[in-house]
Amino acid sequence: MDYNLQKNQNAEQTYHSIRNSIVSAQHRLSTAVNSAMVTTYWEIGEQIFKACGENDRAEYGKKLLEYLSEQLTAEFGKGFDKSNLRKMRQFYYTFPIRDTLCPELSWSHYRVLMRINDEQARRFYMAECAKAAWSVRQLERQINTMYYQRILASQDKIAVANEIQTTEPKPEYEKIVKDPYVMEFLQIQPDTHVYEGDLEQALIDHLQHFLLELGRGFSFVARQKRFTLDGQDFFIDLVFYNYILKCFVLIDLKMGKLTHQDLERV
């Protein structure tokens with residue numbers, strides 16, 4: 001075999017081996033971060049439940065939630081308003097045994113599962129969602145189409161189980177692009193006026209945290225990258241590349257209301 005060809009093949013094999021190690025590590029890290037968030041919300045819900053008892057809408061419960069919301073938001077930023085704290089309390093109330101939580105499921109999955117009143121159906125959807133790695137959208141579709149009831153009544157359970165891949169297939173980008181993104185690591189206080197340039201600099205200063213929050217396969221390319229379109233120059237705030245999707249991801253930061261002029265540039 002030609003030496004150069006063999007050398008190139010060995011380099012390619014080494015690259016794919018290293019790449020697989022990185023992807024695997026990112027997946028484990030993403031799962032760990034997601035699991036930590038779910039566990040934290042469960043613990044918050046447990047403490048709120050124990051503090052205000054069965055009825056969080058009684059006078060003491062309402063005042064407690066208001067106080068906690070003000071204090072937590074001031075220190076940690078958005079995500080701790082009274083509505084979210086009530087959801088965390090409901091999370092603990094709905095799933096009182098922490099060991100039964102599935103680390104594969106996100107907080108968004110659990111918010112959907114909490115809408116199911118039937119405990120047996122809820123447990124079923126929870127187990128199936130973790131086993132089949134349903135997206136949040138797929139989980140919602142299965143619930144809305146009464147998947148639990150249909151699979152119990154069906155004689156062809158395999159066909160019913162597989163239909164989600166046809167009716168609501170999970171696109172590759174949905175496995176990678178997250179929604180929403182949580183930027184509390186920026187330590188920007190609520191109700192603070194921040195310019196787009198300040199936000200951009202804060203993201204660059206916390207680039208490692210930002211890459212982790214973006215998800216799998218992202219690498220930083222440039223900031224304030226100039227593009228020319230129809231003879232006009234545009235500057236994109238942040239440019240990333242995703243080697244899984246094999247595409248560039250352009251981020252244009254907007255602190256105000258999105259306008260049609262902004263969309264015309266996309």
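The values are calculated or read from the model by the stated rules, or taken from the named source; none is laboratory data. As the structure is a computational prediction, the values presented were derived from the model and not from experiment. Reconstructed Cβ throughout: ideal geometry from the backbone, glycine too, with neighbour counts over all protein chains shown. Just the protein is used for accessible areas: all its heavy atoms, side chains included, with ligands, DNA and RNA removed. Shrake-Rupley method; radii C 1.70, N 1.55, O 1.52, S 1.80 Å.
In this structure, is D191 at pLDDT 65 or above, under 30 Å from E70 (Cα atoms), open to solvent by 70 Å² or more (accessible area, probe 1.4 Å) and among the acidic types (D, E)?
In short, no.
Does the stretch 229-266 hold any residues that are among the β-branched types (V, I, T) and at pLDDT 75 or above, and which are they?
I236, V239, V249, I251
Those residues that are modelled with pLDDT under 90 and of a type in the set (S, T, N, Q), I need them from the stretch 109-140; list them, please.
Result: S135, Q138.
How many residues are out of contact with any Leu (no Cβ under 6 Å at 6 or more places or on another chain), modelled with pLDDT under 90, closer than 27 Å to N117 by Cβ and open to solvent by 40 Å² or more (accessible area, probe 1.4 Å) if we restrict to the stretch 72-96?
2
Anything in the stretch 226-238 that is surrounded by fewer than 15 Cβ atoms within 10 Å (Cβ to Cβ) and free of Cβ contacts under 8 Å to residues at least 24 places away in the same chain? List them, or say none.
If the condition is that a residue be surrounded by fewer than 15 Cβ atoms within 10 Å (Cβ to Cβ) and free of Cβ contacts under 8 Å to residues at least 24 places away in the same chain, then R226, F227, T228, D230, G231, Q232, D233, F235 are the ones that fit.
Of all residues in the stretch 57-71 being within 28 Å of the chain's Cα centre (by Cα) and touching a residue at least 12 places away in the same chain (Cβ under 8 Å), which is most open to solvent (accessible area, probe 1.4 Å)?
Top of the filtered list is E66.
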